[in-house]
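Engineer: Submitted below is the structure of interest, expressed as structure tokens.
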Amino acid sequence: MTASANFAPEGVSGGRPPSPGTLEETQVRAMFDRIAGLYDRMNTVMTAGLHHHWRRRAADLAQCKPGDSALDVATGTGDLALELCARVAPGGSVIGVDFSEQMLALARVKQSAYATGPRAVALRFEIANALSLPYGDDEFDAATVGFGARNFSDLQQGLREMARVVKPGGRVVVLEITNPQRPPLSTFFELWFDRLVPALGRLAGDAQAYSYLPSSVRRFPGPEALAGVMSRCGLTRIRYLITAGGIIALHVGEVGEALTGEPAGADRAPAR
Ligand SMILES: C[S@@+](CC[C@H](N)C(=O)[O-])C[C@H]1O[C@@H](n2cnc3c(N)ncnc32)[C@H](O)[C@@H]1O
């Protein structure tokens, strides 16, 4: 890999070499700023348009009702925040946060859909780091993160922050790509992710970003391990479902009454 002006390749961190699929925060932000203009189109090409369906399912798991307030963390170009708007309307509020200004600029273009009319929602897109959210405890009825947790430099800190800002009894939802375990899907996944996705990235002019994607998925905890991390972040009644032939995992947990930071005795029920 070669370095470009605003992107240090994997393995170049100025100190201890990071593990594959890991980038420092400044590198993640620079990467998303750089690919923002490509992001929505690449998602559609890479998933044959299914990414919208997966975000709809994530928003359903947040179980928001009209008038609720919801937070979408690492919102990117805002599509999951817009799904949440459809569920809190009318009268609810949604905030989408991200640390990439360029991704947020594209999210704001979509904002007008909920600005006025009978299903208006107070929707804001704000710049913030997921690891240190600028919101008080218990502010939201639900928080979601779609395809973002994988990029957190400290997964536990990111999930702990989401749990902190959600009211007791509220939901925290994590939508992520996961590695299918069994052939033939694991074989297809390898072909798709290790060859097709980087090739599409080369075609689109950003080979580095789209070779980071498969390696970041590989190093991300599997569904059961992720449920364990959520439990250690104070979430209870954790459930997850695997869909899209084993490549998409949707996790949901509830914020416990007292957020102690210790394992909350998760009632884990894998739902397939
Ligand atoms: C793969 S995109 C996902 C965007 C969107 N949620 C979606 O469903 O398409 C990952 C996003 O996470 C953001 N991100 C990663 N780490 C972050 C952090 N620590 N704080 C805020 N945003 C972060 C990136 O800037 C990027 O926009």
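Yes/no matrix, rows are residues, columns are (1) closer than 19 Å to F99 by Cα; (2) in contact (Cβ under 8 Å) with a residue 40 or more places away in the chain:
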residue: P134; (1), (2): yes, no
residue: A142; (1), (2): no, yes
residue: L159; (1), (2): yes, yes
residue: V166; (1), (2): no, yes
residue: G169; (1), (2): no, yes
residue: Q181; (1), (2): no, yes
residue: L185; (1), (2): no, yes
residue: Y210; (1), (2): no, yes
residue: P223; (1), (2): no, yes
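Engineer: If I ask for residues that are of a type in the set (A, V, I, L, M) and farther than 25 Å from F152 by Cα, which ones from the range 110-136 would you list? Even if it seems obvious, please write down each step before you answer.
Structural biologist: From the range 110-136, those of a type in the set (A, V, I, L, M) are 113, 115, 120-123, 127-128, 130-131, 133; that's our starting set.
Residues satisfying the conditions are A113, A115, A120, V121, A122.
Engineer: For the range 108-129, what are the residues that are within 9 Å of the ligand (Cβ to nearest atom) and surrounded by 13 or more Cβ atoms within 10 Å (Cβ to Cβ)?
Structural biologist: Of the range 108-129, the ones within 9 Å of the ligand (Cβ to nearest atom) are 127-129.
The answer is A128, N129.
Engineer: Can you spot a residue in the range 130-146 that is surrounded by fewer than 20 Cβ atoms within 10 Å (Cβ to Cβ) and in contact with a Phe, Trp or Tyr (Cβ under 8 Å, 6 or more places away or on another chain)?
Structural biologist: Start the filter on the range 130-146 by keeping residues that are surrounded by fewer than 20 Cβ atoms within 10 Å (Cβ to Cβ), which leaves 131-132, 134-139.
If we keep only those that are in contact with a Phe, Trp or Tyr (Cβ under 8 Å, 6 or more places away or on another chain) too, we end up with 131.
The answer is yes, given that some residue of the range 130-146 is surrounded by fewer than 20 Cβ atoms within 10 Å (Cβ to Cβ) and in contact with a Phe, Trp or Tyr (Cβ under 8 Å, 6 or more places away or on another chain).
One line per residue, one yes/no per condition, for (1) among the charged types (D, E, K, R); (2) surrounded by 21 or more Cβ atoms within 10 Å (Cβ to Cβ):
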residue	(1), (2)
D154	yes, no
P168	no, no
V173	no, yes
T187	no, no
E190	yes, no
V197	no, no
A204	no, no
Y210	no, yes
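Engineer: Considering only residues that are within 7 Å of the ligand (Cβ to nearest atom) and over 14 Å from I127 (Cα atoms), look in the range 63-85 and name the one that is surrounded by the most Cβ atoms within 10 Å (Cβ to Cβ).
Structural biologist: In this case the residue turns out to be L80.
Engineer: Hey, any hits in the range 167-182 for a residue that's part of a helix (DSSP H, G or I), at negative phi and away from the ligand (no atom under 12 Å from the Cβ)?
Structural biologist: The initial filter retains those residues of the range 167-182 that are part of a helix (DSSP H, G or I), namely none.
Within the range 167-182, not a single residue is part of a helix (DSSP H, G or I), at negative phi and away from the ligand (no atom under 12 Å from the Cβ).
Engineer: So which of G67, G76, G37 ends up being farther than 20 Å from V145 by Cα and modelled with pLDDT of 95 or more?
Structural biologist: Numbers: G76 fails: farther than 20 Å from V145 by Cα; G37 fails: modelled with pLDDT of 95 or more.
Every option except G67 fails the conditions.
Engineer: Considering only the range 88-95, I want to know if a residue exists there that is within 16 Å of the ligand (Cβ to nearest atom), within 30 Å of R219 (Cα to Cα) and buried (at least 23 other Cβ atoms within 10 Å of the Cβ).
Structural biologist: At the first step, the residues of the range 88-95 found to be within 16 Å of the ligand (Cβ to nearest atom) are 94-95.
Among the residues that remain, those that are also within 30 Å of R219 (Cα to Cα) are: 95.
Those still in the list that are buried (at least 23 other Cβ atoms within 10 Å of the Cβ) too: 95.
Among the residues of the range 88-95, at least one is within 16 Å of the ligand (Cβ to nearest atom), within 30 Å of R219 (Cα to Cα) and buried (at least 23 other Cβ atoms within 10 Å of the Cβ), which makes the answer yes.
Engineer: Right, here's the next one. Can you confirm whether D98 is modelled with pLDDT of 95 or more, among the acidic types (D, E) and near the ligand (Cβ under 9 Å from one of its atoms)? Lay out the reasoning, then the answer.
Structural biologist: On the way: modelled with pLDDT of 95 or more: yes; among the acidic types (D, E): yes; near the ligand (Cβ under 9 Å from one of its atoms): yes.
In short, yes.
The values are calculated or read from the model by the stated rules, or taken from the named source; none is laboratory data. These numbers were taken from a predicted model, which means no experiment stands behind them. Because the Cβ atoms are built from the backbone with ideal geometry, glycine has one as well, and the counts that use them run over all protein chains shown.
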